[in-house]
Amino acid sequence: MSRDRLGDSAKAMEESFFAKHNEALRQSLRESEELQIRKQALSIASGVTDDSLLDKLVALKLEGGTLAALALIPLVAVAWADGRIDKEEKTAVLSAAEGAGLGKDNANYQLLEQWLAAPPPLDVVIKWKGYIQALSATLNEENKQELKSTLLGRARAIAGASGGFLGIGRVSTAEETVLAELEGAFP
């Protein structure tokens, strides 16, 4: 084999090696970008900001709609705890939804508005609790506490939205009962 031919062969082998290596790097970059986009979408849908928890939720292949429901059901349950929703509670729930990134044109936001006009079906909270129990079983203790804190923190804010003096400081017995029921879903 001549030196020119050997050199050409080496160059072809080297180019092939780096082409495969570059393609693997490009694929890794694409996957990383997709992961970040999914994490951002889940964060917007749920209000969860903990990176470790978002990684776990992405790994579980949760969709934004599932997480939005997970985040919104406790708000609605607490708002309807006493059988009615007052203006302050409605405003607080819609504000929390917007804070979680749900725009008025979002289907989840529109469903939430329906739930604020009339109570959601009774089994919604039961299914939420079942889902929380199943999801919690897949999370480590730190992630479980972060999810609990995020979801129930907003629900507690809704409970404090009305009542007391100027709407501050009074959570009704019915709201406390619902909050305790929601908290009990976390094993």
Report the residue, chosen from Gln27, Gln110, Gln36, that carries the largest GNM mean-square fluctuation when the chain is represented by alpha-carbon nodes joined by springs under 10 Å.
-> Gln27
Approximate spin-label separation Ala117-Glu33, in nm, with each point projected 7 Å along Cα-to-Cβ = 4.1
Convex hull volume per residue for the stretch 78-187, taking Cα atoms only, in Å³ | 110
Radius 10 Å from Cβ of Asn143, net charge of other residues (Lys, Arg +1; Asp, Glu -1) | -2
What percent do you get for the relative contact order of the chain when only Cα pairs under 8 Å and 6+ apart count?
-> 24
Would you compute, from DSSP H runs of 4+ residues alone, the mean residue ellipticity of the chain at 222 nm, taking -39500 (n - 2.57) per run and dividing by the full residue count, rounded to the nearest 500?
-> -24500 deg cm²/dmol
The residues Phe17, Phe186, sorted from fewest to most surrounding Cβ atoms within 10 Å, come out as Phe17, Phe186
Treat each spin label as a single point 7 Å out from the Cα along the C-beta direction, and report the Ser16 to Lys127 distance in nm.
-> 5.5
Which of the lysines could a cross-linker bridge to Lys39, judged by Cα under 26 Å and excluding same-chain residues fewer than eight apart?
-> Lys56, Lys61, Lys104, Lys127, Lys129, Lys144, Lys148
Most mobile of Asp50, Asp86, Asp105 in a GNM of the chain (Cα contacts under 10 Å) | Asp105
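So if each residue of separation counts as 0.36 nm, and I subtract the Cα-Cα distance between Thr173 and Ser95, what length gain in nm does that give?
25.7 nm
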Net charge near Val171: determine it from the other residues with C-beta under 11 Å of the C-beta of Val171, scoring Lys and Arg +1 and Asp and Glu -1.
-> -1
In a Gaussian network model of the chain with springs linking alpha carbons closer than 10 Å, the residue among Ala107, Ala161, Ala69 that fluctuates most is Ala107
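How large is Rg/Rh for the chain, to two decimals, with Cα atoms and a Kirkwood Rh?
Value, to two decimals: 1.28.
Where a number appears in this text, it was derived from the coordinates with a stated rule and is not lab data. Predicted model, so just to flag it, every value in this text is computed and none were measured. Cβ sites come from the backbone with ideal geometry, for glycine too, and all protein chains shown count toward neighbours.
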